[in-house]
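If you scroll down you'll find the structure; I have some questions about it.
The values are calculated or read from the model by the stated rules, or taken from the named source; none is laboratory data. Worth saying up front: this structure is predicted, and the values here are computed from it rather than measured. Counting neighbours? That spans all protein chains shown, and the Cβs are built from the backbone with ideal geometry, glycine included.
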Amino acid sequence: MEREMDAELRFRIEAFAEDLARSGVPRDEALRRARIEFGGLERAKEECRDALALRIVDHVVRDLRFSLRLLIKNPGFTAAAVIALALGIGADTAMYSIVNGALSWDFGLDNRDRVIIVNSVNTAHTQEWGASYPDFRDFRAETKALAGLAAYELTPVNLSDHSALPERYYCVQMSANGVSVVQQKPMLGRDFIAEDERPGAPPVVMLAYHVWRDRYAQDPAIVGKTVRVDEVPRMVIGVMPPGRRFPEETDLWIPLLPDAARERRNARGLMLFGRLGAGVSLASARAEFRALAQGLAAQYPDTNKDITADVGPIMEITGLYYIKPLFFALFGAIGFVLLIACGVERRRFGHVRQQVWFAAFQPASDFSDGSVRRVVGGRRADDSQRDEAL
Amino acid sequence: MDRQLELLQGTLDMLILKAVSLGPLHGYGVLLRIQQISKDRLEIQQGSLYPALYRLEHQGLITSEWGESENKRKAKYYRLKAAGKRKLQTEAEKWNRMADVIAGILQSTPEEV
């Protein structure tokens, strides 16, 4: 297309030059004059292209210019529309950020959909609690729906060693299977093994990436060294990779050991999480845990009467999960603000705009060129405006 | 009436259709033919001829094919299509009516009004 256009216009120049040459003008001079007479080749091509397809762009620009004039003419309305649109868009964006951030939180997990949490629920007052260590031990031994069940507790600790001043950190005390249940892996060293949670086992600790980076200057030799966590010397066995930490935004992980206080069945301070077994649905895991809890209630009525267990998606750990419907309601409401803003704009200008579009997109087959139609379009729109005003 | 007249806006397309209706022409030929028929009394703006040709072709009123010019060069020849023929008829009719009306107005005398 482009080549043809070029060839055609060049032919035009050369043919004219030949005519000139025939009338006695020297050949070079003729070509020069022909070029001058024709003007810029590129500009001519530009105009030809316009005639083909870009007319539509021209029309849209004209339409926009007209809208702009209308907006300037009605500053009050324009301000109202702009504010409504700004509020609508702003609120929508804010809501979207919140909903997106809260509901698509992936916990740094690749398999978020398969990871669940288990709560104890007191049916007498539907209060949700964590689980006790003895309950956890029984659940873990008996569950078939889960590929793994782990328990943890978050506590603040002091970390001290020879490399820097003691610092206050968050520490997750977690059953030894915690990292493997959610199929994570340390980037350095190893994670916990069953041996680490045996009472009397040598104390160990795992570091979060940022602790390793900031406190230990990314020293790979940290693995195997001993640091003190709340004055207990612990050997560093691994460093977790950067990114979101699991199950909480913690700094350290140490094994969760059952002690005398934790051996009480009604000390429900532990959070439980697990991974659904292959092909197991959330509903069937829920049913299984309800049955397991019933069994415990029958076996230990003193502590477990009225206590049942509920299995929910990992999202519930944030608490945000419960207000999910509220999020969507807000999201929808704010979407309507935007819709209304758009609606108002349409109602005010739709009538006029339709005529402008009509004028602009009439088939170009009539013999008026752009400038003529521009006048026609403008006048039509002005007329309709006057009609509105009357 | 020595000086060249500028083409009335909106009439170029009609004149191109007319020129092409007399036989296939390349773009430069269209220009020459219009000037020739008008005895050089009409000036056709350089910048408007080719865009008009492209526009008319795009609208399906004329069609083009590459051929050989009188002096053995490759040139793009335009030919009138059926739709263009109809268009030319209606536009010519419109133009003649318009010319009559305007002439009538211009010739009117105080007595007639």
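I'd like the full set of residues that are β-branched (Val, Ile, Thr) and in contact (Cβ under 8 Å) with a residue 24 or more places away in the chain, limited to the stretch A:1-42.
Across the stretch A:1-42, the qualifying residue is only A:Ile13.
Here's a follow-up. Return the only residue of A:Gln218, A:Gln173 being assigned by TED's automatic domain parsing to the domain that holds A:Val236, surrounded by 20 or more Cβ atoms within 10 Å (Cβ to Cβ), at pLDDT 90 or above and of a type in the set (S, T, N, Q).
Exactly one residue qualifies, and that residue is A:Gln173.
Of the residues B:Tyr78, B:Tyr28, which is surrounded by 15 or more Cβ atoms within 10 Å (Cβ to Cβ) and in contact with a Pro (Cβ under 9 Å, 6 or more places away or on another chain)? Talk me through it step by step, then tell me what you get.
Values: B:Tyr28 fails: in contact with a Pro (Cβ under 9 Å, 6 or more places away or on another chain).
Unique residue meeting the criteria: B:Tyr78.
Still on this structure, I have one more. What are the pairs, 6+ residues apart or on separate chains, where a residue within the stretch A:75-92 that is in the same structural domain as A:Leu338 (by TED's automatic domain parsing) has its Cβ under 6 Å from a residue that is at pLDDT 80 or above?
A:Thr78/A:Leu71
Tell me whether the stretch A:260-276 contains one or more residues that are within 23 Å of A:Thr123 (Cα to Cα), part of a helix (DSSP H, G or I) and modelled with pLDDT under 95.
No, the stretch A:260-276 contains no residue that is within 23 Å of A:Thr123 (Cα to Cα), part of a helix (DSSP H, G or I) and modelled with pLDDT under 95.
What residue, among those in the stretch A:269-302 that are farther than 19 Å from A:Arg114 by Cα and polar (S, T, N, Q), is surrounded by the fewest Cβ atoms within 10 Å (Cβ to Cβ)?
A:Gln299
Just give me the residues in the stretch A:143-188 being among the acidic types (Asp, Glu) and more than 18 Å from A:Pro247 (Cβ to Cβ), in sequence order.
Residues satisfying the conditions are A:Asp161, A:Glu167.
I would also like to ask the following. Looking only at the stretch B:33-47, filter to residues that are surrounded by fewer than 17 Cβ atoms within 10 Å (Cβ to Cβ) and either at the interface with chain A (Cβ under 9 Å from one of its Cβ atoms) or hydrophobic (A, V, I, L, M, F, W, C) (or both); which one of those is farthest from A:Arg33 (Cα to Cα)?
Step by step, filter the stretch B:33-47, then rank; the result is B:Ile37.
Another one. With the structure loaded, tell me whether B:Glu57 is in a loop (DSSP other than H, G, I, E, B), of a type outside the set (Val, Ile, Thr) and within 11 Å of chain A (Cβ to nearest Cβ) or whether it fails that test.
no
Select from the stretch B:69-86 the residues that are closer than 14 Å to B:Gly29 by Cα and either touching an Asp or Glu at 6+ places or on another chain (Cβ under 7 Å) or within 11 Å of chain A (Cβ to nearest Cβ) (or both) and list them in ascending order.
B:Ser69, B:Glu70, B:Asn71, B:Arg73, B:Lys74, B:Ala75, B:Lys76, B:Tyr77, B:Tyr78
Also, I was wondering about something else. Name the residues in the stretch A:30-40 that are within 11 Å of another protein chain (Cβ to nearest Cβ) and either surrounded by 15 or more Cβ atoms within 10 Å (Cβ to Cβ) or at pLDDT below 80 (or both), would you?
Selection gives A:Ala34, A:Glu37, A:Phe38, A:Gly39, A:Gly40.
When A:Thr155 is evaluated against the numbered criteria (1) closer than 20 Å to A:Asp259 by Cβ; (2) polar (S, T, N, Q); (3) touching a residue at least 60 places away in the same chain (Cβ under 8 Å), which criterion, by number, is the only one it fails?
The single condition A:Thr155 does not satisfy is (3).
Collect the residues in the stretch A:20-29 that are assigned to a helix (DSSP H, G or I) and exposed (fewer than 15 other Cβ atoms within 10 Å of the Cβ), keeping them in residue-number order.
A:Arg22, A:Arg27, A:Asp28, A:Glu29
Still on this structure: Within the stretch A:167-218, work out how many residues are assigned to a helix (DSSP H, G or I) and charged (D, E, K, R).
Residues meeting the conditions: 5.
Among the residues of the stretch A:7-18, how many are surrounded by 15 or more Cβ atoms within 10 Å (Cβ to Cβ) and more than 8 Å from chain B (Cβ to nearest Cβ)?
Residues in the stretch A:7-18 being surrounded by 15 or more Cβ atoms within 10 Å (Cβ to Cβ) and more than 8 Å from chain B (Cβ to nearest Cβ): 2 in total.
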